[in-house]
Amino acid sequence: MKNLNILIKPASSACNMVCRYCFYKDEAEKRETACYGMMSEEVMENIIKKALEYAQETCTFGFQGGEPTLAGLEFFQKFTDLVEKYNKNHLAVSYSLQTNGILIDNEWITFFADKKFLIGISLDGPKEIQDANRLDQNGKSTFNRVTRVIQGLLRSQVEVNVLTVLTRQSARHVEKIYSFLKKLGVRYQQYIPCLDPLGQPQGKEFYSLTPKLFAQAHKRLFDLWFSDLMRNDYVYIRQFENWVGILKGYPPEACTMYGRCTMQNVIEANGDVFPCDFYVLDKYKVGNIKEQSFQQLYEKLEENSFFQDADKRDIRCPDCRWYPICRGGCRRDCSVEKQQQHNYYCEAYQEIFSYVIERLEYLARR
């Protein structure tokens, strides 16, 4: 494989915050072992050696959780040292880390800057929006701590991408969130819909995002983004950039736009390997990195039930004019109704694309 991307969970599902909509806590509670503790050096070394042996041109090590910084700064220092030791083929190596930011201090920031980490920070918006669903373990506000970290990272010229979860509460205030993030200095933004508990009917939780709110938020966000773009006030919003790229003939960077599920190489703290961050469940385990190489893991994918319906999406997809740009969305947004697959946000996407297509095509022509 020329380009290998790996998503590592060095602290498993452990976290120092209690986010009310946390999808990984929900997943972990559905496994025989909810938390595998902290990743050992043995597992770390196996990941690095086998990844660098398997990749041919580039290798990206991503870290997520839970909260990955709970593994400690020494873990990451050791990790990057071992990459330098074992990168005998001189591959282009990059690092990314998704964090709530609570533990990051100047020592962390210096390390991230030195090793050129891309840092994703979870922040839902201004204080009242952030603290509505994202409190620490003592029930206290996280807003000031997170925004200070973002400012520190930006001052040190660390590449920062803010991930904002859209909920029933926050989606109504997307203009306020967008303006706030710009004022904070954040030029790379992601907006993702919150996930309802796995296997449960969608839309039933107090935080659940409705299709109507999903459409309204994206239409308003697109207006703001496009208006700024026309004034040369550039802000990167992942979803919109992917749509423009698809229209220009490029493959999407977001897996939700592939049209089928692919192997995402999610590695839990004990070395167990799973196909997708949204399905880190016992029944979908592919193998363990201590016992198999990446080549051996990939040879077993056809046996994994996760990939039996990898391209199964909404029953309406084949006849939809928007399928070439939508690709059916994420599998987690699909459910079976009357023995047919339906995407929860299908009508919302149709409304969004009808609203933005002329401007997307204009940008693609540019």
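The values are calculated or read from the model by the stated rules, or taken from the named source; none is laboratory data. Please read these numbers as outputs of a predicted model, since none were measured by experiment. With ideal geometry, Cβ positions are generated from the backbone for all residues, glycine too; neighbour counts draw on all protein chains shown. These accessible areas exclude ligands, DNA and RNA; they are computed on the full protein's heavy atoms, side chains included. Shrake-Rupley method; radii C 1.70, N 1.55, O 1.52, S 1.80 Å.
Some observations on this one:
- Per-residue ellipticity at 222 nm computed for the chain from its helices equals -11000 deg cm²/dmol, with DSSP H segments shorter than 4 residues left out and the rest contributing -39,500 (n - 2.57).
- For the stretch 25-143, the dipole from Cβ point charges (+1 on Lys and Arg, -1 on Asp and Glu) about the Cα centre works out to 220 debye, to the nearest 20.
- Beta bridges per DSSP with both ends in the chain, % antiparallel, nearest 5: 25
- Most to least packed among 272-283, 162-173 [average Cβ atoms within 10 Å]: 162-173, 272-283
- Label positions at Arg321 and Asp233, each projected 7 Å from the Cα along the C-beta direction, are separated by 3.3 nm.
- Estimated FRET transfer efficiency when R0 is 25 angstrom, pair Arg145-Asn89 (beta carbons, to 0.05): 0.05
- Heavy-atom accessible surface of the chain, averaged per residue, reaches 47 Å², computed with a 1.4 Å probe.
- Approximate shape of the chain as ellipsoid semi-axes (Cα gyration tensor, √5λ), whole Å, largest first: 30, 26, 22
- For q = 0.16, 0.19 Å⁻¹, Debye-computed log10 I/I(0) when each Cα of the stretch 174-309 counts as one equal scatterer: -1.02, -1.15
- For the stretch 86-218, convex hull of alpha carbons as volume per residue, Å³: 158
- Evaluated with a Cβ-only charge set (Lys, Arg +1; Asp, Glu -1), the chain carries a dipole of roughly 1040 debye about its Cα centre, given to the nearest 20.
- Coupling constants for the stretch 266-279 follow from the phi torsions by the Karplus curve (6.51 cos²θ - 1.76 cosθ + 1.60, θ = phi - 60°), and in residue order they are 7, 10, 6, 4, 8, x, 5, 10, 10, x, 8, 5, 8, 9 Hz; glycine and proline get x.
- Between Leu224 and Asn288, the distance separating the two model label sites (each 7 Å from Cα on the Cα→Cβ line) works out to 4.7 nm.
- Each Cα pair under 8 Å and six or more residues apart adds its sequence gap; the mean of these over the residue count of the chain is a relative contact order of 18 percent.
- Placing R0 at 35 angstrom, the Cβ-Cβ distance between Glu42 and Val18 gives a FRET efficiency of 0.70 after rounding to 0.05.
- For the stretch 76-216, with +1 on Lys and Arg beta carbons and -1 on Asp and Glu, the positive-most of Ser179, Val162, His90 along the dipole: Ser179
- The calculated P(r) of the stretch 144-217, using every Cα pair and 5 Å bins from 0, goes 3, 15, 22, 20, 14, 12, 9, 4, 1 in percent.
- All Cα-Cα distances of the stretch 82-158, cut into 10 Å bins from zero to the largest, leave 17, 42, 26, 11, 4 percent in each bin in turn.
- Apolar share of the accessible surface for the stretch 195-292: 50 percent from carbon plus sulfur atoms, 1.4 Å probe.
- Taking GluC sites (Glu not before Pro) across the stretch 9-77, the ones in a DSSP loop with at most 13 further Cβ atoms lying within 10 angstrom of their Cβ are Glu29, Glu32, Glu57.
- Annotation for the stretch 81-140 versus the stretch 245-290: alpha-carbon center distance of 20 Å.
- Within the stretch 232-326: Cβ-based charge dipole about Cα centre, in debye rounded to nearest 20 (Lys, Arg +1; Asp, Glu -1): 260
- Over 28 Å between alpha carbons, listed pairs Lys25/Lys49; Lys9/Lys140; Lys204/Lys248; Lys30/Lys88; Lys127/Lys212: Lys25/Lys49; Lys204/Lys248; Lys30/Lys88
- Modelled FRET efficiency - R0 22 Å, Lys116 with Glu253, Cβ distances, 0.05 increments: 0.70
- Leu154 versus Ser305: modelled label distance in nm, points set 7 Å from Cα along the beta carbon direction: 4.7
- GluC sites (Glu not before Pro) restricted to DSSP loop in the stretch 275-344 with at most 15 other C-beta within 10 Å: Glu291
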